[in-house]
Amino acid sequence: MPDDNLARKSFEAGATTAREAVDRGTAAAEQATRQAEQSYSSTAEGLREFNAKLLDIAQANTMAYMNFVSELTRVKGPIAAGLMRSVTGQQIGKSDPVRRAALTARKRPGA
């Protein structure tokens, strides 16, 4: 019977170790799940903000285009249209860094 007792103690120790490992694995999985949920929420919020900014930009561009077309319909001739285009381009160049860089590159000699 002492061998049975030794085998039982060994089995119980192994079972305890296995139970502890399962508990640690469960806790790690729960923590990973919480972190994934937080990451998803953060990413979703960032995407919402990004999309809102894109919509604002699209709306501003649409309004600028509509204003330009409205002004263009009032032009009396091709010379006035060219003047209006250059003035409008300069105004856009002051407010839009990409447009400003393109205009600056175009004005440089050899560019």
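Taken together, the values in this text are just the output of simple stated rules run on the coordinates, not laboratory data. Treat the numbers as computed from the prediction; the structure is a model and nothing was measured. Reconstructed Cβ throughout: ideal geometry from the backbone, glycine too, with neighbour counts over all protein chains shown.
In nm, to one decimal, how far is the modelled label at ARG8 from the one at LEU72, with both set 7 Å along Cα→Cβ?
With each label placed 7 Å out from Cα toward Cβ, I get 9.4 nm.
Can you compute 3J(HN,Hα) from phi for each residue in region 43-56, using the Karplus curve 6.51 cos²θ - 1.76 cosθ + 1.60 with θ = phi - 60°, rounded to whole Hz and x for Gly and Pro?
5, 4, 5, x, 5, 4, 5, 4, 5, 4, 5, 4, 5, 4
From largest to smallest, what semi-axes in whole angstrom does region 1-52 give when each is the square root of 5 times an eigenvalue of its alpha carbon gyration tensor?
In descending order the semi-axes read 50, 4, 4 Å.
From the phi angles alone, apply the Karplus equation (6.51, -1.76, 1.60; θ = phi - 60°) to region 23-34 and give each ³J(HN,Hα) in whole Hz, x where the residue is Gly or Pro.
For region 23-34, the Karplus curve yields 4, 5, x, 5, 4, 5, 5, 5, 5, 5, 5, 4 Hz.
Based on the Cβ-Cβ distance from GLU20 to SER41, what FRET efficiency comes out when R0 is 22 Å, to the nearest 0.05?
That pair, GLU20 with SER41, gives E of 0.10.
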